[in-house]
Amino acid sequence: LPMAFRDMNARRHIGLQQLSALALAGRTLLGPMRSCKFIVDERTNQSTLICSAVRLIESLDLTSAAGQLLNETIQAQNKEFRTGMSTLLFLIGAWSNAVLECLQQNVPVSAIVSVMSEGLNSCCERVQCLQISIHDVNKELCSSSVRPNTFKSKTCQIGCDSLLNPHTFLYAQKDISAPEELIPVNPCSHQEDDSNFNKRLHSSLAGYGSIASLVKPAGDKSTSWISGSGVIASSCNKQKLTHSRYFSTLRKSHFSSQQGSFQRYLSGPSADPCECYGLGHLAMALSHGNQTSMKLLQNIVVYQRERAECSGSSQFNIAGIVTCCLLGLPESYSCVSPGFVTLVSPEQTRVIKYFEDKPLRILLMDGDLTEQYRHLGFNRPCNVRTILEHPSLPEGRADLWLSSMLDILISFEVNLVLVKGNVCENLMERCIASSILVIGSVTRDVLCAFEEVTSAQTVTYLTQLNASCVGSGAQVGLWKACDGRAMDLGELVPVRIKVRGIPLLTAVLTTTVPSKMQLIEDQFWTLAYRLHHALHDEKVFLGGGAAELLCLSHIQMLAKQPLQPSNKNAVREFHNPCLAASATEYTSVVLQALASGWKQYLSVVMCNTAKAASELEACTSVDHHLKKAAECGSPSAYILKEFRRGDLLRGGSGPFADHGEGLKVYDNVTAKTEAWRRALDLVLLVLQTDAEIITGPKRNQLLNSHVSSEFMFL
């Protein structure tokens, strides 16, 4: 048996080495202070700034089988959680190296698979003590010493220049006698002075309880804060919203109830006064230092909460959020706008100006608006992309189809068409000439939002159209920046489509750096989904490396214990009782290899956040914490104490050192643990595949069977 293993390990495990090499490229992407990378497209010679494992993997040439598996694993994590991909990528590399070291020590493959799997299962159970319910987090964050200017930026000063600019949108009554009409209070407009503006704003917010108390009339020198992110206050006194004209007609519906599971915690009048700002504080704690996205998300939370109190829907609905990326404006122009903001061609602006602020008849289409489009059927297969190549249509037939489609739109007096897929360019031109606005590439969530409030019914083909499918009440206009000017960015023009009562918000993301646009959008969605999953899990992990440190401490403790059946405490640590009877030398070696992955993770995070000058210094700091945790007798109690003090793996520096005391950092539970499991599953899959390639399926099966009977691993 030893000869067989030496023969197998003498050959290279190519798959594991490829995983290690690919993961090494994402080493600097770990942690809140990660270093960005420039990806250069050799064909176009254009560069893109990335800061996520997903964009990195998409940019690499993954021709090997291991590379393809790595890509599928990263994409699966991104599709389900939109967070945790950098952790996943790093642990894949760290544990690939750990497994290779085990193989160099002639550890059987079956022993590696069994011990590592059970070790990770034991870790996932052990770190459950570091989970905190959302309710407790909200109370702790509200009662902590987070100051109202925790994330105060230079632009967040009280006054006309920057109040509610660029990130907030609040409304004042235009005319008491006109209850249906509201206008945005534009702090950048200089049509009125600061005094009148603050008086009007204070008056308009009278029904918003504690929000209004933060805005003082001009001349009042008492402290009040409204930052670019909305309201961040040390006081959590809350008065129930008693009147809001804008939200009075919103309906509870299928779209807004998609996040109904959050209702128990977050909607309606709360007995706990701290819950008025709980989500805003939670978004801050989950932001990991990403201030711009945090401010936008806090704005969305405030807006959705007011709507929830009036309509009874859930407070945070991620399906009601879309993004619009505007290139050419400073980042300070980023904001949240009610309704749907998108980009159209300059040729369509003539139609938009003609219809501006007029009620429009709207049509929604779930598919492409092209002659060649054919739907796949109502039972659409998952993860299947069909590519159809059609020969060019005869000129007469193409003109006949264009004329037919245009006649249908005109006959039903359709002014606005939102299409999920692509739009035929020739049809688009004819629609513009007929004053019909057609917008393509609209997401399904946006179609659902307009379907609710306009009474429109989504159709797949124009030939299905009838009078009941056409909705009404939509309005369209050019999107205006905080200074009140409509933006013309050259090739594309931003427009806003709104309907009274629509539960849709658009995060308008701006930058003057083309290569940075994708990065800003990725960061926003990462934070949005962190909040979404935190509310879905109803709990979060202590952040800042707390969970990984406890895993490291736990695995090292298991590795030092003699894993014999007589040791009942050791047996209980594993799901498989037979595993405790395995050879001590193999179990200890494999557990130490598993622990090395956690230690590398913590060390690299500390280096990336400038908490340590080198990995050696970081490892020394981690060892120091491990020693003190062991001396404490209860590692989890020690970690919890250090976390509450703010000293866990911090050392007085790091991403939050300059943002005040009491700021806590939290992580998602399910996203993090699934990243761990996916990382180990991929490594073990490649390990077993490599072993089968090296020894052959029958021989590998025989070796595994021999090891199982000899050491009772399986």
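The values are calculated or read from the model by the stated rules, or taken from the named source; none is laboratory data. Remember, it's a predicted structure, so these values are computed and weren't measured experimentally. Quick reminder, even Gly has a Cβ in these numbers, built from the backbone with ideal geometry, and neighbours come from all protein chains shown. When the accessible area is computed, the model is the full protein with side chains, heavy atoms only, and any ligands, DNA or RNA have been set aside. Shrake-Rupley method; radii C 1.70, N 1.55, O 1.52, S 1.80 Å.
Right, Val540: at pLDDT 60 or above, open to solvent by 30 Å² or more (accessible area, probe 1.4 Å) and hydrophobic (A, V, I, L, M, F, W, C) or not? Step through it out loud before you land on a result.
Working: at pLDDT 60 or above: yes; open to solvent by 30 Å² or more (accessible area, probe 1.4 Å): no; hydrophobic (A, V, I, L, M, F, W, C): yes.
Taking the combined requirement at face value, the residue does not satisfy it.
Given (1) open to solvent by 10 Å² or more (accessible area, probe 1.4 Å); (2) touching a helix residue (DSSP H, G or I) at 6+ places or on another chain (Cβ under 9 Å); (3) in a helix (DSSP H, G or I), identify the lone condition not met by Cys102.
Cys102 satisfies every listed condition except (1).
Just the residues that are among the hydroxyl-bearing types (Ser, Thr, Tyr) and either more than 17 Å from the chain's Cα centre (by Cα) or open to solvent by less than 10 Å² (accessible area, probe 1.4 Å) (or both), please, taken from the range 502-537.
Within the range 502-537, the subset among the hydroxyl-bearing types (Ser, Thr, Tyr) is 506, 510-512, 515, 526, 529.
Residues satisfying the conditions are Thr506, Thr510, Thr511, Thr512, Ser515.
So which residues in the range 606-625 are modelled with pLDDT under 85 and within 19 Å of Tyr638 (Cβ to Cβ), if there are any at all?
Answer for the range 606-625, where residues must be modelled with pLDDT under 85 and within 19 Å of Tyr638 (Cβ to Cβ): just Lys611.
Could you list, in sequence order, the residues of the range 1-38 that are of a type in the set (Lys, Arg) and either at pLDDT 90 or above or open to solvent by 80 Å² or more (accessible area, probe 1.4 Å) (or both)? I'd like the intermediate steps shown before the answer.
Pass one, the range 1-38, residues of a type in the set (Lys, Arg): 6, 11-12, 27, 34, 37.
Those that are of a type in the set (Lys, Arg) and either at pLDDT 90 or above or open to solvent by 80 Å² or more (accessible area, probe 1.4 Å) (or both): Arg6, Arg11, Arg12, Arg27.
From the list Glu429, Glu413, which one is touching a strand residue (DSSP E or B) at 6+ places or on another chain (Cβ under 7 Å), outside any strand (DSSP E or B) and surrounded by fewer than 20 Cβ atoms within 10 Å (Cβ to Cβ)?
Glu413
Would you point out which residue out of Val99, Val54 is of a type in the set (Val, Ile, Thr), more than 30 Å from Ser515 (Cα to Cα) and in contact (Cβ under 8 Å) with a residue 24 or more places away in the chain?
Working: Val54 fails: more than 30 Å from Ser515 (Cα to Cα).
The unique qualifying residue is Val99.
Scan Leu120, Leu91, Leu60 and give me the residue that is out of contact with any Cys (no Cβ under 9 Å at 6 or more places or on another chain), modelled with pLDDT of 95 or more and not small (Gly, Ala, Ser).
Leu91
I'm checking my understanding of the structure. Among residues of the range 445-465 that are in contact with a helix residue (DSSP H, G or I) (Cβ under 9 Å, 6 or more places away or on another chain) and in a helix (DSSP H, G or I), which one is most open to solvent (accessible area, probe 1.4 Å)?
Thr463
Considering only residues that are surrounded by 10 or more Cβ atoms within 10 Å (Cβ to Cβ) and either modelled with pLDDT under 90 or of a type in the set (Asp, Glu) (or both), look in the range 368-389 and name the one that is farthest from Glu491 (Cα to Cα).
That would be Leu376.
Restricting to the range 627-651, and then to whatever is of a type in the set (A, V, I, L, M) and crowded, with 20+ Cβ neighbours inside 10 Å, can you tell me which residue is modelled with the lowest pLDDT? Let's see the steps before the verdict.
Of all residues in the range 627-651, those of a type in the set (A, V, I, L, M) come to 629-630, 637, 639-640, 648-649.
Still in the running and crowded, with 20+ Cβ neighbours inside 10 Å: 629, 639, 648-649.
Details: Ala629: 92, Ile639: 93, Leu648: 76, Leu649: 71.
Ranking the qualifying residues of the range 627-651, first place goes to Leu649.
Do we find that Leu363 is open to solvent by less than 50 Å² (accessible area, probe 1.4 Å), over 30 Å from His533 (Cβ atoms) and not in a strand (DSSP E or B) in this structure?
No, not satisfied.
Only one residue in Val476, Val493 is surrounded by 24 or more Cβ atoms within 10 Å (Cβ to Cβ), in contact (Cβ under 8 Å) with a residue 24 or more places away in the chain and more than 26 Å from Ala610 (Cα to Cα). Which one?
After applying the criteria, what remains is Val476.
Can you list residue pairs whose Cβ atoms sit under 7 Å apart, with the first residue in the range 117-141 being under 20 Å from Leu684 (Cβ atoms) and the second being in a helix (DSSP H, G or I) and open to solvent by 40 Å² or more (accessible area, probe 1.4 Å)? Count only pairs 6 or more apart in sequence or on different chains.
So the pair list comes out as Leu120/Arg677.
Of all residues in the range 600-626, which are crowded, with 21+ Cβ neighbours inside 10 Å and of a type in the set (D, E, K, R)?
Hit for the range 600-626 is Lys611, nothing else.
How many of the residues making up the range 607-645 are assigned to a helix (DSSP H, G or I), free of Cβ contacts under 8 Å to residues at least 60 places away in the same chain and of a type outside the set (D, E, K, R)?
Residues that pass the stated criteria total 10.
So Ala76 passes all but one of these: (1) surrounded by fewer than 18 Cβ atoms within 10 Å (Cβ to Cβ); (2) in a loop (DSSP other than H, G, I, E, B). Which condition number does it fail?
(2)
Conditions first: (1) of a type outside the set (S, T, N, Q); (2) in a helix (DSSP H, G or I); (3) surrounded by fewer than 19 Cβ atoms within 10 Å (Cβ to Cβ). Leu62 passes all but one, so which condition is the exception?
(2)
Mind checking whether some residue in the range 662-669 is modelled with pLDDT of 80 or more and assigned to a helix (DSSP H, G or I)?
Checked the range 662-669: at least one residue is modelled with pLDDT of 80 or more and assigned to a helix (DSSP H, G or I).
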